[in-house]
Amino acid sequence: MNRPCNSMEPRVMDDDMLKLAVGDQGPQEEAGQLAKQEGILFKDVLSLQLDFRNILRIDNLWQFENLRKLQLDNNIIEKIEGLENLAHLVWLDLSFNNIETIEGLDTLVNLEDLSLFNNRISKIDSLDALVKLQVLSLGNNRIDNMMNIIYLRRFKCLRTLSLSRNPISEAEDYKMFICAYLPDLVYLDYRRIDDHTKKLAEAKHQYSIDELKHRENLMQAQLEDEQARREELEKHKTAFVEHLNGSFLFDSMYAEDSEGNKLSYLPGVGELLETYKDKFVIICVNIFEYGLKQQEKRKTELDTFSECVHEAIQENQEQGKRKIAKFEEKHLSSLSAIREESELRNIEKMILECSADISELFDALMTLEMQLVEQLEETINMFERNIVDMVGLFIENVQSLMAQCRDLENHHHEKLLEISISTLEKIVEGDLGEDLPNDLRALFVDKDTIVNAVGASHDIHLLKIDNREDELVTRINSWCTRLIDKIHKDEIMRNRKRVKEINQYIDHMQSELDNLECGDILD
Amino acid sequence: MEVLREKVEEEEEAEREEAAERAEWARMEKMMRPVEVRKEENTLKQETLRDLEKKLSEIQITVSAELPAFTKDTIDISKLPVSYKTNTPKEEHLLQVADNFSCQYSHLCPDRVPLFLHPLNECEVPKFVSTTLRPTLMPYPELYNWDSCAQFVSDFLTMVPLPDPLKPPSHLYSSTTVLKYQKGNCFDFSTLLCSMLIGSGYDAYCVNGYGSLDLCHMDLTREVCPLTVKPKETIKKEEKVLPKKYTIKPPRDLCSRFEQEQEVKKQQEIRAQEKKRLREEEERLMEAEKAKPDALHGLRVHSWVLVLSGKREVPENFFIDPFTGHSYSTQDEHFLGIESLWNHKNYWINMQDCWNCCKDLIFDLGDPVRWEYMLLGTDKSQLSLTEEDDSGINDEDDVENLVSLSSSRRPQLTVSTAFETRCPNGKKVIQYKRAKLEKWAPYLNSNGLVSRLTTYEDLQCTNILEIKEWYQNREDMLELKHINKTTDLKTDYFKPGHPQALRVHSYKSMQPEMDRVIEFYETARVDGLMKREETPRTMTEYYQGRPDFLSYRHASFGPRVKKLTLSSAESNPRPIVKITERFFRNPAKPAEEDVAERVFLVAEERIQLRYHCREDHITASKREFLRRTEVDSKGNKIIMTPDMCISFEVEPMEHTKKLLYQYEAMMHLKREEKLSRHQVWESELEVLEILKLREEEEAAHTLTISIYDTKRNEKSKEYREAMERMMHEEHLRQVETQLDYLAPFLAQLPPGEKLTRWQAVRLKDECLSDFKQRLINKANLIQARFEKETQELQKKQQWYQENQVTLTPEDEDLYLSYCSQAMFRIRILEQRLNRHKELAPLKYLALEEKLYKDPRLGELQKIFA
């Protein structure tokens, strides 16, 4: 790059430079005078032009929060950085710089037009966040691999692309390849792609594109599947009964239970375990279905509640609006009457009347608000009672079902103990023992050991069941309290906001009246 | 007849005595009534008498003002078919049966009026009434239902009152004649209507009975015009929403219930009084409107149509008055009694008592106690409960056939092109209570007027309340013109398609800048204007569906500034004092930046903005700009000061506090103000333009003619005729060219095969030689004739020379004339021969040429090509 800037000193993007640029590019003439008078805040600037300034490093731009358009072309920038705060940026020009890799653009989700013309980029990547990208200019770079084009397939809005004067543009297949792999593209290298070319390209690369599409579709389907599964689980979680629609709990009971697993090799225990598992799973599924049903119920309850509250608030707002409209009508006419009145005493009288009107409006609005607050409080309390009852009922039923699980476990434990002891006796008698695994045989040393082992297994199982139950109960309780807290808090916030609004309005009205008074007296 | 006899016997019974007494009494009363009336009249005061006379004369005028005489003399009977002028033996037989029936009837019921059985027709031939009915299905789909049929009959014919209102007419003309002359009495009306209804499948009957005065004279002055009756507003049922579980409770009602109750009671009392007063008023009005008692009440003969339920999904029996085409229930008090009724098959006499009008009549025609039939064996008699007692009569079966036979000899009824014109001469006037309805045929009036309804304030129809005029086929799409005489407000209604997309235009005067409301078809306009209201000082416009969400613009004007130069509304617009614009919510903008209303106070240089209200707020932001261009104490121009913009913000924002923001907003508003002023000015111009256009249209009032209207559309008619002519010529030419010279030769060859070259050549040669032979033959023929003529002439000359002396002068003359004729013939033949000799080679060549070009001889072409 033999540019004159090579001989010049790089400059730093400091405050002065930015201020100067903003001032120069800001409003002109009368508005400019005003702007100068007031000063322009960086965050109000929408467009900034910083070209031909020998900037080496992008810096100091964090204040320009609302910037829409940024031109940094014809500098000596080597790295894209410092643009993280410019989330509203739509138009970014970094052409004629010395950038080597694309980076630092991950926060610019609104970017539509990106120009990286005449840089030293050799690979297109790190553009994933730019979902709205429409125009991409990468001409005069060092891109040499056709596979970069496939990366661009993810930009559904991309219509204009320029890649001329790159190593890949020398390839004879260049144009056809791009047309085939980016079918939505309208302009390539400043020229419109005609339909004929499109068709030709499609025909030429049909097989590879079909394959690519197939792969993409598979990927998409997989993603969707994943998504669906996650959503399903999420739904179950909101019902607090996740993983209860199968043998998950049962399996987890035996996952950490080494003794239990060992004992399952005992003769007769296998069948016992099978029936136990079946019964257990049936109860789990019962809990699961009951949980979903209850969740549905809670949801409809909540929906009805929020709908009713919304309606009430809406109605109240309408009333308030009507009152204000009526007041304003009257107020305007009395204001103009005051302006036209010349007798001082009359003016005073009218002003008094006006302020009386204002305070009357204030009273009316506040009464409305207080009324609403009372009504809502009553409703919220009712809802709270209902939802707590519902949750209580749910917990109670789940606990009884869990108790069934425990009974099953106890039953199983007794059976297992029986079998174990009889086996021990047999072993002691020396009837059998050859076909038992070694680690199992180790348990059958004496009665204590075997009873301890069976007991430990039982304890683990009971612990798992208890844990699951506790988890469910705590979670639903915390959900319930959170929900009610939120409703109360929302209501309080709403009330405060409304009161603030009313006060503000009344203050404004009063001050307007006072201003009028002053003006009149001055006149 | 046995039934009749039985009935007479039964009458002797005690149960019947009462009825007989009642009948006697009724008869007595009938006789007495005229006397009574006369007596009454004598006692009437002079004043009321005059009033009555006046009233009566008025009625006379409205009814028979322009009734032309419709007597036998005016009817041209020469064109009627023979069946009208004579009776077949079967018809004679039928008449005899009828006579016999009539005799027996008058013998058995001497107190009843003679039957209306066989009046004379227009050819002075007696015809049985059932044969006069000619069931016909009209070719117009509009005339398939009873209501449209009845309307057609009432519109199509002019009503002629009966010569004697107390008797049925002596003549009953055929419907063909009635249709031709478009007038008739009630019997003609009902015969025609009944024919049409039976033809379209209704179970309809002609009724001979008694009607009220209004009915008989087609006097609708006591009827409320159906067009003035406002359609009842359908009250929407408000669906009671079930209160939801968490619906908030209404605030506690702190009013005293006792007081409320007292209040309600008081209200009810007041309402009751009001109601009573209204009712009294109404009664008084009703009294005033009530008809004067009719001296001949119950004696006036009328004829109408009865439609029985059953066929064509008619749910219940009803009457149709053929004069008006209205339907009435059989309980209606206008119909006072029935003597007899008939359809195209049979004739029934009513044996029930009509003391209570027709309210108690039962229309079960199969019941021989109630309805005495004349002919046996129609379908209705099967319903009879006493079927066994009339099985002895056999000859009536033939008679029944007779009716159907004799009626089938009559021609089908046809309605000519006059169908479209509907009313006689295309015009009809109907007088209703406080209203007058005039109807015209389409295209009769050059301005497209088809009907006019005039509503009056009073019963005498002197003070016009309002006029409604309906138009059709107007090029300016004018549909209805409504003039309210009390407020002088005129309202024009338009169908879609006016060049200015007008929908409604109501105005008091066509001068600009006056009160007027113009409504538009907003979808047809680019600017989405719905309505524009004008008063002398303001103009209000309502918009819908605009991309800038403008919904309303109101402009008020100040008094016009006098200019020295000659000024019109166009060159000197009134100064605008204030413009108010309102906008719908633009969902793309946040509420606090979306202007709901802006007011440009042009005179005060003030701009007020009101923003939309945010969803969860009750107050909206406001902003007011004072546009003062002042200079400060140093003489510098003040660009913007904080006090030039007063704003109230619901959620105070930082950037709006800036002078720069305010300055830019104000500059933007200034531009907008200019635009708005321009818009208002353009709207004013548009009003002027519309007014001009309307005046032009009113003056021109051109009518459109549908391209399907073959009769009226001159252009298409011309085109069609030209097409027909062309077709004809084309046809002639085709016939000429179709003379196939090859056909006889082709017939020799096996059909469907392609010709070989050899065959083609041979065919050609044969054809040509044949043609040659024909030409030669023709020449020979001419030659032969020529020679023959010459020989004959020579012979004659010889004969003449031989007998010259003995010839009489007559013979000589004969000879001379023969000679001259023969010479003429010879000359002609000579000419033809010469011409043939000249043309023959040409014709030969032409045929050869044609043969070469003939596709069937394509083989030849190949060689020569």
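Figures for the structure shown
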| read-out | value |
| --- | --- |
| By average C-beta atoms within 10 angstrom, highest first, the peptides A:103-113, B:200-210 | B:200-210, A:103-113 |
| Cβ-based charge dipole, the stretch B:740-860, positive-most Cα from B:Gln791, B:Ile776, B:Leu845 | B:Leu845 |
| For B:Asp203, distant residues with modelled amide H under 5 Å away | B:Leu308, B:Lys311 |
| Peptide-level mean, for B:245-255, of C-beta atoms on other protein chains within 10 Å | 6 |
| Antiparallel %, DSSP beta bridges [both residues in the stretch A:11-217], to 5 | 10 percent |
| Formal net charge of residues neighbouring A:Asp73 (Cβ-Cβ distance under 11 Å; K, R +1; D, E -1) | -1 |
| Dipole in debye (nearest 20) - the stretch B:740-860, about Cα centre, beta carbon charges: Lys, Arg +1; Asp, Glu -1 | 680 debye |
| Only Lys, Arg (+1) and Asp, Glu (-1) charged, at Cβ; chain A dipole about Cα centre in debye | 1880 debye |
| Test item: A:316-325 mean partner chain Cβ contacts at 10 Å | 3 |
| Size of charge dipole - the stretch A:11-217 - debye, nearest 20, with Cβ of Lys, Arg +1 and Asp, Glu -1, no other charges | 600 debye |
| Neighbourhood charge, 9 Å Cβ-Cβ cut-off, centred on B:Val650 and excluding it, Lys, Arg +1 and Asp, Glu -1 | -3 |
| The stretch B:647-663 - phi-based ³J(HN,Hα) in whole Hz, Karplus 6.51/-1.76/1.60, Gly and Pro as x | 9, 10, 10, 5, 10, x, 10, 7, 5, 6, 6, 5, 5, 4, 4, 5, 4 |
| Selection of trypsin sites (Lys or Arg not before Pro), the stretch B:775-842, meeting DSSP coil and at most 16 other Cβ within 10 Å | none |
| 19 Å Cα-Cα threshold exceeded, pairs from A:Lys69/A:Lys156; A:Lys349/B:Lys622; A:Lys279/A:Lys464; A:Lys323/B:Lys249; B:Lys428/B:Lys468; B:Lys764/B:Lys843 | A:Lys69/A:Lys156; A:Lys349/B:Lys622; A:Lys323/B:Lys249 |
| Efficiency of FRET between B:Gln804 and B:Lys837 - r from beta-carbon atoms, R0 45 angstrom, step 0.05 | 0.75 |
| Acute angle (nearest 10 degrees) that the helix A:206-238 long axis makes with the longest principal axis of chain A, alpha-carbon atoms | 70 degrees |
| Packing-based ranking, highest mean first, of A:82-88, B:79-85, B:145-151, B:344-350 given that Cβ atoms within 10 Å are counted | B:344-350, B:145-151, A:82-88, B:79-85 |
| ³J(HN,Hα) computed for each position of the stretch B:676-683 - Karplus, 6.51 cos²θ - 1.76 cosθ + 1.60, integer Hz, glycine/proline x | 4, 4, 5, 4, 4, 5, 5, 4 |
| Order by protection proxy (mean Cβ within 10 Å, highest first), peptides B:647-653, A:342-348 | B:647-653, A:342-348 |
| Coil-residue GluC sites (Glu not before Pro) of the stretch B:752-821, DSSP, other Cβ within 10 Å capped at 11 | B:Glu753 |
| Label point distance in nm, A:Lys199-B:Asn780, each placed 7 Å from Cα along Cα→Cβ | 7.2 nm |
| Summed residue charge, Cβ within 10 Å of B:Cys354's Cβ, Lys/Arg positive, Asp/Glu negative | -2 |
| Additional length obtainable on full extension of the chain from B:Phe258 to B:Lys244, 0.36 nm per residue less Cα span | 2.0 nm |
| B:Arg610 accessible area, assembled protein chains, probe 1.4 Å, Å² | 80 Å² |
| Average beta carbon contacts from partner chains per residue of B:656-663, 10 Å cutoff | 5 |
| Mean residue ellipticity (222 nm) of chain A, computed from DSSP H runs ≥ 4 via -39,500 (n - 2.57), nearest 500 | -22500 deg cm²/dmol |
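The values are calculated or read from the model by the stated rules, or taken from the named source; none is laboratory data. Fair warning: this is a prediction, and the values are worked out from it, not measured in the lab. Counting neighbours? That spans all protein chains shown, and the Cβs are built from the backbone with ideal geometry, glycine included. When the accessible area is computed, the model is the full protein with side chains, heavy atoms only, and any ligands, DNA or RNA have been set aside. Shrake-Rupley method; radii C 1.70, N 1.55, O 1.52, S 1.80 Å.
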